[in-house]
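One structure is given below, encoded as structure tokens.
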Amino acid sequence: MGMLINLGAKDLDITHAVDEMLFYIDSGGDRRAIRRIVEADTNLMIYNIHPKNFDQINRFLKATSVHEPEILYEWQGTLIACGVKKKAFREHPEFQWVTDTAYATDPRFKKDIEKMSKSS
């Protein structure tokens, strides 16, 4: 997929990446390996923020983790920060719930969430 992204593809199906990430985030095990998987899969999602992937992105954003909540929170926030740069993401009604979460008060993501609030 990396090659397709480098060639300019911006709407690749991210279902497999979300499935993989959600499986490994709570599998327990090597924390560094889990972080690498979550980082790689989140980056794939970031490069493919497209309306056809909004259901999968929303699934990822609503995910929780028993074993690695900090890793998941960090990368969910990163995806939100990148997503709000796109008008379709900011204005999509299925993402508006994010404005009522911990990201709205987290100094790292507060400005991004404010952009979503202004567009609703």
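The values are calculated or read from the model by the stated rules, or taken from the named source; none is laboratory data. None of the values given here were measured: they were computed from a predicted structure. As a convention, Cβ positions derive from the backbone with ideal geometry for all residues, glycine included, and neighbour counts pool all protein chains shown.
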Tally up the residues in segment 80-90 that are in contact with a Phe, Trp or Tyr (Cβ under 9 Å, 6 or more places away or on another chain) and either surrounded by fewer than 19 Cβ atoms within 10 Å (Cβ to Cβ) or under 12 Å from residue 108 (Cα atoms) (or both), please. 4
Which of the residues belonging to segment 41-61 are touching a residue at least 12 places away in the same chain (Cβ under 8 Å), farther than 15 Å from residue 89 by Cα and not β-branched (Val, Ile, Thr)? 41, 44
Selection count where residues are loosely packed, with under 15 Cβ neighbours inside 10 Å, touching a Phe, Trp or Tyr at 6+ places or on another chain (Cβ under 9 Å) and not in a helix (DSSP H, G or I), scope segment 30-69: 0
Could you check how many residues of segment 70-116 are in contact (Cβ under 8 Å) with a residue 24 or more places away in the chain, in contact with a helix residue (DSSP H, G or I) (Cβ under 7 Å, 6 or more places away or on another chain), assigned to a helix (DSSP H, G or I) and charged (D, E, K, R)? 5
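Any idea which of 44, 61 is modelled with pLDDT of 95 or more and aliphatic (A, V, I, L, M)?
61
Within segment 1-29, which residues are assigned to a helix (DSSP H, G or I), among the β-branched types (Val, Ile, Thr), surrounded by 13 or more Cβ atoms within 10 Å (Cβ to Cβ) and modelled with pLDDT of 60 or more?
Here is the first cut: in segment 1-29, the residues assigned to a helix (DSSP H, G or I) are 2-6, 15-25.
Still in the list and also among the β-branched types (Val, Ile, Thr): 5, 15, 18, 25.
Among the residues that remain, those that are also surrounded by 13 or more Cβ atoms within 10 Å (Cβ to Cβ) are: 5, 18, 25.
Correct list: 18, 25.
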